[in-house]
Amino acid sequence: MKTPDCIRIGTRGSKLAHWQAEWIAQQIREQNIDVELVTITTQGDQNVSGSVGALGSTGIFTKEIQRALLENQIDLAVHSLKDLPTDPVDGIFLVAVPKRVACMDVLLSQNNCTLHQLPSESRIGTGSIRRQSQVLFLRNDVCVLDIRGNVETRIGKLKNGDYDAIVLARAGLERLGLEQHISYEFTIDEMLPAVGQGALGLETRCDDERVQQCVRSLDHPPSHQAVLAERALLAHLRGGCLAPIGAWGRVDDEGHLQLDAVVLDAVGTKRLTSSQQGSAQSAIAVGEKAAKELLKQGAASLIDTARDTESQNDN
């Protein structure tokens, strides 16, 4: 039962999602506020067979949590920001982005091999077309296969020999204390992360000033501005969370924003890039400028082709 001053935090049911929600909860408790975690099953959690792309490209891990927020079943939603669509939802406000952790992708492999040491025809598991495209751009002689499940499930499939290697986000492994499984960390030149990867997004109802006041102190402005630029890029490209688009924004101590972005085709034969700079206060404009440059290079056709390829693979 919710007490009058208790904040109910909505989260997915995975171990990683609960870790993230509990981490936020602990910081709120330090303000002498009671917190309750509410587990919500999303579409992406219910459908664990087939590729993520088959479920659609918008909010498969966030819609149900946002609905619970709007229906006053919870007061605060904690999302992995890379899962949160860029289209706004009436009545909901992204109030804070806590300090971002490592956003790079890593390889976990049999025999602790790096990507370049893997034999030809090695089976590499990933549920992300962005990762698939960038792996194939680097190694077109390997086989990239779909993989589903939480972090622990995917590591188990690797250990069981279902794959020779898998690609995961460093952030999730670090949060779960599983970084000892990492064989190789991709460089920025090799693989740009997903938009918002390594960051959390905290959403409240627009009219809930009480919760917003509690949560604003958790915001880290440099991280927030960096992901604003990335999300503006994604929104302008109309790519969706599952498109072969990578981006990395960062703000230095002087308030300068650097944004690097990439768009690929599904099989990693074509790769378009853009690098833009600006002030942190102009984050959205920087993201849109990068998107416009990529569109001039032909990004729209690569994104559409990747969508078609994903659709064909699921039929």
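Each residue of segment 188-205 was assigned a 3J(HN,Hα) from its phi angle through the Karplus expression (A = 6.51, B = -1.76, C = 1.60, θ = phi - 60°), giving 4, 5, 8, 8, 7, x, 5, 4, x, 4, x, 10, 9, x, 10, 10, 10, 6 Hz with x at Gly and Pro. Note on segment 203-301: dipole from Cβ charges, positive end direction compared against Gly249, Ala235, Ala285; the farthest Cα belongs to Ala235.
Pairs of C-alpha atoms in segment 220-315 farther apart than 19 Å represent 39 percent of all such pairs.
Just so you know, the Rg over Rh for segment 105-185 is 0.92, from Cα atoms, with Rh as the Kirkwood radius.
What does the C-alpha gyration tensor say about the overall shape of segment 194-266? Classify as rounded when a/c is under 1.5, otherwise prolate if a/b is larger than b/c, or oblate. Since a/c reaches 1.5 but b/c is at least a/b, the shape of segment 194-266 is classed as oblate. Annotation for Asn72 and Ser279: the two label points, set 7 Å from Cα along the Cα-Cβ direction, are 4.2 nm apart. Where both bridge residues fall in the chain, DSSP classifies roughly 70% of the beta bridges as antiparallel. Over all orientations, the chain has a Cα convex hull whose mean projected area works out to 16.0 square nanometres. Near Arg175: Cβ cut-off under 14 Å, other residues only, Lys/Arg at +1 and Asp/Glu at -1. The net charge is +2. Once the Cβ-Cβ distance of Glu293 and Asn140 is raised to the sixth power relative to R0 = 22 Å, the FRET efficiency obtained is 0.25. For the pair Glu174 and His116, how long in nm is the line joining their label points, each one 7 Å along Cα→Cβ? About 2.4 nm, to one decimal. Seen against the Cα atoms of the chain and their longest principal axis, helix 283-297 is set at about 20 degrees.
Tally Lys and Arg at +1 and Asp and Glu at -1 over the other residues with C-beta under 9 Å from the C-beta of Ala243: what net charge comes out? Once all neighbours under 9 Å are counted, the net charge is +3.
Taking the Cα centre of the chain as origin and assigning +1 to Lys and Arg Cβ atoms and -1 to Asp and Glu Cβ atoms, the resulting dipole is close to 300 debye. Cross-link check: pairs Lys270/Lys296; Lys82/Lys296; Lys157/Lys270 evaluated at a Cα-Cα cut-off of 19 Å; pairs beyond the cut-off: Lys82/Lys296; Lys157/Lys270. Taking a straight Cα-Cα cut-off under 17 Å and skipping sequence neighbours fewer than 8 places away in the same chain, the aspartates and glutamates within cross-link reach of Lys63 are Asp45, Glu71, Asp75, Asp83, Asp87, Asp90, Glu203.
With a Förster radius of 30 Å applied to the beta-carbon distance between Thr41 and Thr187, the computed FRET efficiency rounds to 0.25.
Restricting segment 250-297 to GluC sites (Glu not before Pro) that sit in a DSSP loop and have at most 15 other Cβ atoms within 10 Å of their own Cβ leaves Glu254.
Laboratory data are not the source of any read-out in this text; all were calculated from the coordinates shown. This is a predicted model, so every value here is computed, not measured. Backbone-built Cβ (ideal geometry, glycine too); neighbour counts: all protein chains shown.
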